[in-house]
Amino acid sequence: MYDDNPTISHLNTPLEESKQGQVFFKEELVEDDSKKKFYIESYGCAMNFSDSEIVASILSEVGYGPTKFIEKSDLILVNTCSIRDKAEQRVRKRLRVFDKIKKQRPGMLVGVLGCMAERLKTKFLEEEKLVDMVVGPDAYRDLPKLIANAEEGEKGVNVFLSREETYAEISPLRLNSNGITALISIMRGCDNMCSFCVVPYTRGRERSRNLFSIIAEATDLVAKGYKEVTLLGQNVDSYKWENPESKEVTSFANLLEAVALVSPELRIRFSTSHPKDITDEVLHTIAKYENICNYIHLPIQSGNSRVLKLMNRTYDQAWYKERVESIYRIIPDCAISSDMIAGFCTETEEEHQETVDMVYWAKYSMSYMFYYSERPGTLASRKYEDDIPYDVKKRRLQEIVDAQQEVALQHNIKDIGKTFKILIEGTSKKSEDDFKGRNSQNKVTIFPKKEGVKPGDYVMVKVREVTSATLKGDMVL
Ligand code: SAH
Ligand code: SF4
Ligand code: F3S
């Protein structure tokens, strides 16, 4: 699965490979044939999937309804990711497919949204003749105007990056949802300058969303029957919002607490945590509230301090280990997951081994693993040579993947015989007779259905057997 440097990235909310590019609809989003139709595909991280719901909301205001049938649409939108080269190649392939469809449907418009739009700007219009609109992540409010212009034959680009835009008051149209779990964007952009990363260039400066609009969104979701929210940001621990009237400052720990208090029935997840910023106050808040999940996605990127310095991660191995120890001390049953990059510029075999060692030391419940993909314009592309041969990168990646699989299996084996509170998300993909849900530690748990129990319910499940990826068990009273 990782052979091909998967394009999944994520802000934890694991958007599995299988979900990339797919279009999801809640059953009640009935297609209204009297409306003009848009079809939207999303790639990349949870942030992009969340943005697509904002885009859907903006479009519904101007009379466009969603469709999951591409051949029925008047407007195709593709929300793109630039994180690795593979992610961009994938979108270009999709554009070839759209090109064929457009030839059969004159008048149909194609818009490119998201990070690739931001990175390539007007170049997109030059390179991809079929594209009518190029719209960056902070310019979605301009979509109605750009669409109106495109309908008149005028191609449009808006890639303006804002210091303020958070789409705070826009109520997302939940496309990508099962009616039980939802994404809430709490901030945008990123002010860290990790040398390998394109995000600061495609998403702009970091800004935090108004606390009250976040609480209102969570409250509304509870009223609609949702049971879990994931608070999203590139670095949630640096969330900071100042009330313009009282001047009171809300930290991430304060925000977590405020969302936890919305309803004890609502589970709270969040992602991504940055090792340099996660505080003990946040850890104590997680420990204090039963409905804040005991799961932290804490990407290390590399286990070696010299490489971390080149990556400009601003922590070293010792700092990271101290944070992990604090997590296990303050929240003993917390699961920790990670992101790792194999074969960053100048990485030696010994340094790579320190990443492998870290998988065992930190006991990650799971990880997203990639090999380094140089991104144009980043600090690393300007300062360092991408000097690790492809086959060496792939071999190192495989070694990390193997270690992680072994550690994940051990992690899960420890759960055999334990009973967990599971939020049921739906029917298992593999068997109609089983439910699928997650425990607080974000582990997928499969168990036989029972009369009177339905998705959205919390149930207690005793674990009987495990694989490296799932727990299997039975409901207990
Ligand atoms: N804000 C998050 C990461 C978002 S990008 C954080 O700081 O942890 C998701 C993941 O993609 C990163 O954690 C990193 O592991 C990976 N990634 C980012 N740029 C990459 C690149 N140029 N090559 C390979 N992997 C990369
Ligand atoms: Fe990229 Fe670093 Fe920001 Fe994460 S924290 S989005 S890796 S620059
Ligand atoms: Fe996300 Fe990809 Fe952009 S990971 S922020 S969609 S570059």
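The values are calculated or read from the model by the stated rules, or taken from the named source; none is laboratory data. Note that the coordinates shown come from a computational prediction; the quantities given were computed from them, not determined experimentally. Positions of Cβ are generated from backbone atoms using ideal geometry, with glycine treated the same way; all protein chains shown enter the neighbour counts. SASA here: full protein model, heavy atoms, side chains in, ligands and nucleic acids out. Shrake-Rupley method; radii C 1.70, N 1.55, O 1.52, S 1.80 Å.
What net charge do the residues around Val463 carry, taking every other residue with its C-beta under 15 Å from that of Val463, with Lys and Arg at +1 and Asp and Glu at -1? If you can, show how the numbers build up before the last one.
Details: positive: Lys414, Lys418, Lys421, Lys436, Arg438, Lys443, Lys462, Arg464, Lys472; negative: Asp333, Asp415, Asp434, Glu465, Asp474.
Computed value for this residue: +4.
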Rough spin-label spacing in nm, given labels placed 7 Å along Cα→Cβ, for Lys121 and Lys462: 6.3 nm
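Please work out how many pairs of lysine residues in the stretch 84-201 are eight or more positions apart (or on different chains) and have Cα atoms closer than 13 angstrom. Intermediate results must be reported in sequence, preceding the final value.
Numbers: Lys100/Lys129; Lys102/Lys129; Lys103/Lys129; Lys121/Lys155; Lys123/Lys155; Lys129/Lys155; Lys145/Lys155.
Close lysine pairs found across the stretch 84-201: 7.
Roughly what % of DSSP beta bridges within the chain run antiparallel, to the nearest 5? Please report the intermediate quantities before stating the final value.
Details: 25 of 69 bridges.
Antiparallel bridges make up about 35 percent of those DSSP assigns within the chain.
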Per the chain, cysteines lacking a partner by the 4.7 Å Cβ criterion: Cys45, Cys81, Cys115, Cys190, Cys293, Cys334, Cys345
Between Glu432 and Tyr289, the two model label points (7 Å from Cα along the beta-carbon direction) sit apart by a distance in nm of 4.0 nm
Label model pair Asp191, Glu322: point-to-point distance (7 angstrom along the Cα→beta-carbon line) in nm is 2.2 nm
Report the antiparallel proportion of the DSSP beta bridges in the stretch 181-411 as a percent, rounded to a multiple of 5. 20 percent
Pick out, from Val407, Tyr43, Tyr295, the residue whose Cα sits farthest towards the positive end of the charge dipole of the chain, with +1 on the Cβ of Lys and Arg and -1 on the Cβ of Asp and Glu. Tyr43
Rounded accessible area per residue of the chain, 1.4 Å, Å²: 41 Å²
Carbon + sulfur, % of accessible area of the stretch 277-337 - ligands and nucleic acids excluded, 1.4 Å: 53 percent
Tell me, in nm to one decimal, what length is gained between Gln398 and Glu281 on full extension, where the rule is 0.36 nm per residue of separation less the Cα-Cα distance? 38.5 nm
By the C-alpha gyration tensor axes a ≥ b ≥ c (rounded if a/c is under 1.5, else prolate when a/b exceeds b/c, else oblate), the shape of the stretch 181-411 is prolate
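Would you work out if the stretch 419-476 is rounded, prolate or oblate? Take a ≥ b ≥ c from the square roots of the eigenvalues of the alpha-carbon gyration tensor; rounded if a/c is under 1.5, else prolate when a/b is larger than b/c, oblate otherwise. Don't skip to the end; give the middle numbers.
Values: a/c = 1.43, a/b = 1.21, b/c = 1.18.
Taking the square roots of the gyration eigenvalues as a ≥ b ≥ c, the stretch 419-476 is rounded.
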Chain lengthening between Val249 and Glu265 when straightened (0.36 nm per residue, less Cα-Cα): 3.1 nm
Placing unit charges on C-beta atoms (Lys and Arg positive, Asp and Glu negative, everything else neutral), compute the dipole magnitude of the chain about its Cα centre in debye, rounded to 20. 600 debye
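Would you mind calculating the gained length between Glu350 and Arg306 on full extension (0.36 nm times residue separation, minus the Cα-Cα distance), in nm to one decimal?
Working: separation 44, 0.36 × 44 = 15.84 nm, distance 1.14 nm.
Result: 14.7 nm gained on full extension.
What pairs from Lys321/Lys393; Lys309/Lys436; Lys383/Lys443 go past 30 Å between their alpha carbons? Let's see the in-between values first.
On the way: Lys321/Lys393 25 Å; Lys309/Lys436 41 Å; Lys383/Lys443 40 Å.
Table pairs above 30 Å Cα-Cα are Lys309/Lys436; Lys383/Lys443.
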Selection from Ser177, Phe252, Gly417 lying farthest towards where the dipole of the chain points positive, charges on Cβ: Ser177
